[in-house]
Each structure stands twice: as structure tokens, then as C-alpha cells.
Amino acid sequence: MTLKTVLLAVGPGDADRSEQLAEAVLEVAKPADATVVLAHVFTDDEYDEVLDRLEFDRTVDEIDPDAVAGRHSTIQDLQAILDEHDVDYEVRGAVGEHGSSIVDLATSTGADRVVVGGRRRSPTGKAVFGSTAQEVLLSAPCPVTFVRHD
């Protein structure tokens with residue numbers, strides 16, 4: 001299987017693990033000369049908060065989620081790391097439920113691998129609160145690499 005596209009999905013809790021996520025992506029993308037899709041997924045509430053925090057002009061007809069993702073600090077940190085290693089990338093943004101939006105992005109970008117981060121959770125915590133990573137692992141159209149935060 002040829003590796004052409006790696007989707008790195010990040011969300012609001014990934015700022016403190018961006019270096020770990022970048023390392024995991026570089027391990028697979030750099031040797032394969034694959035393009036990395038840096039994707040930031042926002043729920044509706046997160047999106048509204050980010051638009052306010054990043055001072056987007058809401059009077060504009062439509063604000064592109066890709067542009068919002070590109071101005072997010074986690075994406076910018078990852079861009080700097082990928083630039084440093086001469087890895088091609090593109091930035092995508094999506095608004096919706098985290099798990100299903102990541103799966104949709106993996107499908108629409110033709111991803112050959114998805115990389116997601118997460119933290120260790122008890123089985124009860126997963127059952128009660130759900131798990132974005134678990135949904136992606138079970139529903140993605142390609143292999144998924146889970147990067148657990150220490």
C-alpha cells in the first residue's frame with residue numbers, strides 16, 4: 001500500500017501534545033514523501049468561541065473553516081514543524097462532531113492513514129462520555145494511529 005496522504009486531526013485538547021503528534025506523523029509521512037492534511041475539527045460552540053477569540057469579522061458573508069483552522073495556534077505549531085522537515089501539507093477545518101467529522105475528512109481527502117491524539121481513559125469513562133478516538137478507530141476508511149498523551 002502506497003502512503004500518499006496522512007490526515008492529522010487535532011482538536012481543542014491537542015495543544016499540549018502537538019510535538020508528540022508531529023513526531024508520529026513525521027515517522028510515517030516523511031519516508032513516504034506523503035502529504036499531511038492538518039485538520040482542526042470544531043464543534044459549533046468551539047467554532048463560535050474561536051471566531052471571537054481570533055477576531056474574525058462575522059459580517060463577512062461566509063467564514064471558511066479552513067481559514068479558521070489555519071489561524072489556530074496548534075495548526076501553526078504543526079506547520080512550523082512540518083516546514084522544518086520539508087514535509088508538504090495542507091490545512092483543513094471542519095465544524096461538527098469531532099469523531100464523525102474526522103472520518104468524513106479522512107474520506108474526502110483520500111487519507112491513507114489517520115493520526116489522532118488522546119488520553120488514557122477508563123472503560124467506564126469511555127462508555128459514559130464516549131471517545132472521539134474510539135469512533136475514528138472503528139469508522140475510519142483507513143488505518144488509524146492513536147497517539148496517547150502521557
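Three principal axis extents describe the C-alpha atoms of the range 23-94; from largest down they are 44, 18, 18 Å. 3J(HN,Hα) along the range 27-42: 4, 9, 7, 5, x, 8, 6, 8, 8, 9, 9, 8, 10, 10, 9, 10 Hz, from the Karplus curve 6.51 cos²θ - 1.76 cosθ + 1.60 with θ = phi - 60°, whole Hz, x for Gly and Pro. The ellipsoid equivalent to the alpha-carbon distribution of the chain has semi-axes of 22, 20, 14 angstrom, derived from the gyration tensor eigenvalues as √(5λ) and listed largest first. Computed over the chain with a Gaussian network model linking Cα atoms closer than 10 Å, the most mobile of Ala111, Ala34, Ala80 is Ala80. Structure remark: mean-square fluctuation, Gaussian network model of the chain, C-alpha springs under 10 Å; the largest value among Glu27, Glu62, Glu90 belongs to Glu62. Shape analysis of the range 1-58 yields a ratio of the Cα radius of gyration to the Kirkwood radius, Rg/Rh, of 1.10.
Normalised per residue, the accessible area of the chain is 55 Å², obtained with a 1.4 Å probe and no contribution from ligands, DNA or RNA.
The values are calculated or read from the model by the stated rules, or taken from the named source; none is laboratory data. Predicted, not measured: the structure shown is a model, and the values here were computed from it. Quick note on the areas: whole protein, heavy atoms, side chains included, nothing else; ligands and nucleic acids left out. Shrake-Rupley method; radii C 1.70, N 1.55, O 1.52, S 1.80 Å.
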